[in-house]
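What follows is one structure encoded as structure tokens, with my remarks underneath.
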Amino acid sequence: MLKVGLTGGIGSGKSEVSARLRERGAVVIDADKIAREVVEPGTPGLAAVVAEFGGDVLLPSGGLDREKVGRIVFGDPARLAALNAIVHPLVGERMQELMDAAPAGAVVVYDVPLLAENGLAPMYDEVIVVDAPEETQLDRLVARRGMTEEDARARMANQASRADRRAIATRIIDNSGTLDDLRTQVDALWETLTRRATP
């Protein structure tokens, strides 16, 4: 089994690379998706978040009001640490379950947005960084996600710098070009990863 960490700044195209690797046969473990799953209604995770932050963080539907929680923890390291202490162990357990279920010789890709920020690079056999110039990221966030330029810049500023991400990479996917360029790079990457995963 080959453990691959996949990361990239917001608007870099990491999700596109993740999807293409899944199409080629990678077992993709999406940290953000799991973080949502572990606090769905009826889970111990949601009960723990409500116990810590109060019932006001629930939507009328019973789900977690992520925006409200985000406002509570943004800029408050103690509250953020309390939230992470609940969610991170649950995410870790679920990721381990998915890894244990992967077949022998699999390429397991961990899609982790905050890989650089959380110092997780040593956990992986390979760290793939999807990279794009900051102006390209900004253009994508404004044009495709409908963010204001101010919001997009604030989100980008809250992440590791482009240089910090590149510094932990064992391989870099340059996503400053076309989708065809990206596809060619992912094909070459997949060949390399499958060769490494073969016992």
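Numbers below:
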quantity: Selection within the range 1-54 - touching a Lys or Arg at 6+ places or on another chain (Cβ under 7 Å), buried (at least 22 other Cβ atoms within 10 Å of the Cβ) and farther than 23 Å from Leu90 by Cβ; calculated: Gly8, Gly9, Gly11
quantity: Among (1) within 17 Å of the chain's Cα centre (by Cα); (2) in a helix (DSSP H, G or I); (3) at pLDDT below 95; (4) of a type in the set (A, V, I, L, M, F, W, C), the one test that Ile10 misses; calculated: (2)
quantity: Identity of the residue in the range 143-174, assigned to a loop (DSSP other than H, G, I, E, B) and within 22 Å of Asn118 (Cβ to Cβ), that ends up most open to solvent (accessible area, probe 1.4 Å); calculated: Asn158
quantity: Filter result for Gly119 (at positive phi and not hydroxyl-bearing (Ser, Thr, Tyr)); calculated: yes
quantity: Flag for Arg140 being part of a helix (DSSP H, G or I), open to solvent by 50 Å² or more (accessible area, probe 1.4 Å) and basic (Lys, Arg); calculated: no
quantity: Residue ID - most open to solvent (accessible area, probe 1.4 Å), chosen from residues in the range 70-117 that are more than 23 Å from Arg165 (Cα to Cα) and in contact with a Gly (Cβ under 7 Å, 6 or more places away or on another chain); calculated: Leu90
quantity: Residue tally, condition under 15 Å from Ala163 (Cα atoms) and either in a helix (DSSP H, G or I) or in contact with a strand residue (DSSP E or B) (Cβ under 9 Å, 6 or more places away or on another chain) (or both), over the range 119-137; calculated: 10
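The values are calculated or read from the model by the stated rules, or taken from the named source; none is laboratory data. Every value quoted in this text rests on a predicted model; they were computed, and no experiment measured them. Reconstructed Cβ throughout: ideal geometry from the backbone, glycine too, with neighbour counts over all protein chains shown. Keep in mind that these areas ignore ligands, DNA and RNA; they rest on the heavy atoms of the full protein, side chains included. Shrake-Rupley method; radii C 1.70, N 1.55, O 1.52, S 1.80 Å.
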